[in-house]
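Below is one structure, written out as structure tokens; the observations come after it.
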Amino acid sequence: MYKDEKVSINPKYRMRIIAGNNEKRFYDMCKDNLLSELLRGKKSFYSDGIDDNKVSISVDNSIEIGDKKILIEIDSGNMAKLIVGQYTLLNILCNSIEKSNIVFIVIHYYKDYNTKRTEKNLKLVSKAVFNDNGIRFKVFNIKEFEKICKKNKGNKDSFIKQLLS
């Protein structure tokens, strides 16, 4: 006979499920607001090097308009520290792209997330590590970003302009 045991899902795997769901929700929100045609999907960046020395980083989605690139990260788990590491690697690995043409957008799906925490961390890295010459960034919680999508429903130019400003 078996004892009653509590079974829980390893948080590592639960996070993947939640993250995948939020990436789909993000796409659906853009689609509902007639903006999904702008999305170019996941984008990865790589260092020079061979095998064990090669480093890569990716973002969940992207938008490319001319020479402008909007790199979008969907944060599902209140991971400001990981976002800062990702931002640092993006700054290093995007060295062939003019940094003034890139905007890194973070959208926190964590309920009622205060974006100031992430903004302060990114500002510190931009200033201390990249002498205020790092990739521009914007941080939203999902409610804020959803308002932007609704406000710009179907107006792709206005949406892009707001993300790049």
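The values are calculated or read from the model by the stated rules, or taken from the named source; none is laboratory data. What you see is a predicted model, and the numbers here were worked out from it, not measured in a lab. All Cβ positions, glycine included, derive from the backbone under ideal geometry; neighbour counts span all protein chains shown.
What the table below lists for this structure:
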item	result
Pairs where the first residue, in region 96-108, is free of Cβ contacts under 8 Å to residues at least 60 places away in the same chain and in a loop (DSSP other than H, G, I, E, B) and the second is of a type in the set (K, R) and crowded, with 19+ Cβ neighbours inside 10 Å, C-beta under 7 Å, 6+ apart	I97/K69
Hits in region 52-71 (condition: in contact (Cβ under 8 Å) with a residue 40 or more places away in the chain and either of a type in the set (V, I, T) or over 29 Å from K156 (Cα atoms) (or both))	V59, I63, I65, I70
Which numbered condition D75 misses (of (1) farther than 22 Å from F45 by Cβ; (2) in contact with a His (Cβ under 7 Å, 6 or more places away or on another chain))	(1)
Lone qualifier among V139, V129 - being in contact with a strand residue (DSSP E or B) (Cβ under 8 Å, 6 or more places away or on another chain) and either of a type in the set (V, I, T) or at pLDDT 95 or above (or both)	V139
Candidates T118, T88 - the one that is buried (at least 16 other Cβ atoms within 10 Å of the Cβ) and in contact with a strand residue (DSSP E or B) (Cβ under 8 Å, 6 or more places away or on another chain)	T118
Check on Y113, aromatic (F, W, Y), modelled with pLDDT under 90 and surrounded by 12 or more Cβ atoms within 10 Å (Cβ to Cβ)	yes
